[in-house]
1. List the number of the failed condition for ARG156; all other conditions in (1) at pLDDT 95 or above; (2) surrounded by fewer than 20 Cβ atoms within 10 Å (Cβ to Cβ) hold.
2. Scan the range 119-166 residue by residue and report those that are touching a residue at least 60 places away in the same chain (Cβ under 8 Å) and of a type in the set (S, T, N, Q).
3. Could you check how many residues of the range 80-126 are touching a strand residue (DSSP E or B) at 6+ places or on another chain (Cβ under 7 Å), modelled with pLDDT under 95 and not in a loop (DSSP other than H, G, I, E, B)?
4. If we only count helices (runs of 4 or more DSSP H) wholly inside the range 175-238, which ones have 2 or more residues that are under 18 Å from the mean Cα position of the chain (by Cα) and either farther than 21 Å from ALA121 by Cα or without any contact (Cβ under 8 Å) to a residue 60 or more places away in the chain (or both)?
5. Among the listed residues GLY150, GLY127, GLY145, which satisfies the condition of being more than 30 Å from VAL43 (Cβ to Cβ) and either in contact with a Leu (Cβ under 9 Å, 6 or more places away or on another chain) or surrounded by 23 or more Cβ atoms within 10 Å (Cβ to Cβ) (or both)?
6. Whether any residue in the range 101-108 is under 30 Å from PRO235 (Cα atoms) and loosely packed, with under 14 Cβ neighbours inside 10 Å is what I want to check.
7. Would you be able to say whether some residue in the range 48-66 is surrounded by fewer than 16 Cβ atoms within 10 Å (Cβ to Cβ) and assigned to a helix (DSSP H, G or I)?
Amino acid sequence: MISRVAVLPQPPLLVPELVGGEDSDAAAVRMTAVAVGMDLAQVASTWLAVGAGERAERIENAAGTFRGFGADVRVELGPGAAERVADVDLPLAALVAGWLRGQVGAAEVAVELVPAVLPTAACVAEGRRLAAGGEPVGLLVLGDGSHRHGEKAIGRPDARAGSFDESVAAAFAQVDLDALLALDPAEADELGAVGRAPWQVLAGAVRADGRSWRCVRSSVQLPFGVAYHFAVWEPVVA
């Protein structure tokens with residue numbers, strides 16, 4: 001059962017040691033991410049994270065390091081990982097989930113990776129499977145929006161990026177599952193929006209949950225040509 005939902009981006013710049021000097025834009029992203037993580041931890045100390053990867057994979061009780069991104073910052077997905085050798089190849093979503101867990105004091109986080117190119121119907125089926133779990137968990141959904149915004153875009157700017165991420169931001173603010181499920185996988189891929197599949201897994205999970213949900217926090221930041229979406233959803237108590 002899902003106790004609360006938190007949506008976050010997954011840029012390595014969340015980790016201070018990976019940012020040369022103190023960058024105010026990076027600090028703002030980090031501050032918002034930690035605040036969202038604290039919202040999740042207040043309700044659930046056990047988390048299930050969903051992120052995009054090269055293949056479907058479940059990762060738990062592991063340790064990793066951001067050494068591949070420039071600094072040997074160790075993270076752990078749970079207390080049992082303390083004695084494990086840090087895996088430099090742990091996927092970024094798992095590294096960010098472990099880092100956030102450490103920042104806000106959550107007990108443990110298991111990470112479910114779905115292929116970034118997973119079709120919408122398969123995302124919905126995955127969300128339905130995750131929602132069927134009996135134990136209460138906080139659902140952490142990781143992924144960035146388009147990286148083709150403006151002059152700082154990775155690669156070339158794309159005029160579609162603005163409307164794409166405006167629709168994503170509105171969907172999170174309004175808990176609009178239909179809008180999330182309407183995101184086109186091909187367009188998201190062209191725009192570099194790696195969050196598309198995890199967001200559609202979220203929509204599938206909340207729809208299968210059956211309760212009414214409301215948004216209690218939502219925002220989007222675009223400091224580096226990439227859209228970073230933040231949201232917190234909770235079930236409506238009758």
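The values are calculated or read from the model by the stated rules, or taken from the named source; none is laboratory data. Only a predicted model underlies this, so the values are computations on that prediction, with no experimental measurement involved. Here the Cβ is made from the backbone with ideal geometry for all residues, glycine too, and neighbour counts use every protein chain on show.
1. Of the numbered conditions (1) at pLDDT 95 or above; (2) surrounded by fewer than 20 Cβ atoms within 10 Å (Cβ to Cβ), the odd one out for ARG156 is (1).
2. Scanning the range 119-166 gives THR120, SER146.
3. Here the count works out to 2.
4. 177-181
5. Working: GLY127 fails: more than 30 Å from VAL43 (Cβ to Cβ); GLY145 fails: more than 30 Å from VAL43 (Cβ to Cβ).
Within the list GLY150, GLY127, GLY145, the selection yields GLY150.
6. The initial filter retains those residues of the range 101-108 that are under 30 Å from PRO235 (Cα atoms), namely 101-108.
If we keep only those that are loosely packed, with under 14 Cβ neighbours inside 10 Å too, we end up with 105, 107.
For the range 101-108, residues under 30 Å from PRO235 (Cα atoms) and loosely packed, with under 14 Cβ neighbours inside 10 Å: present.
7. Within the range 48-66, none of the residues are surrounded by fewer than 16 Cβ atoms within 10 Å (Cβ to Cβ) and assigned to a helix (DSSP H, G or I).
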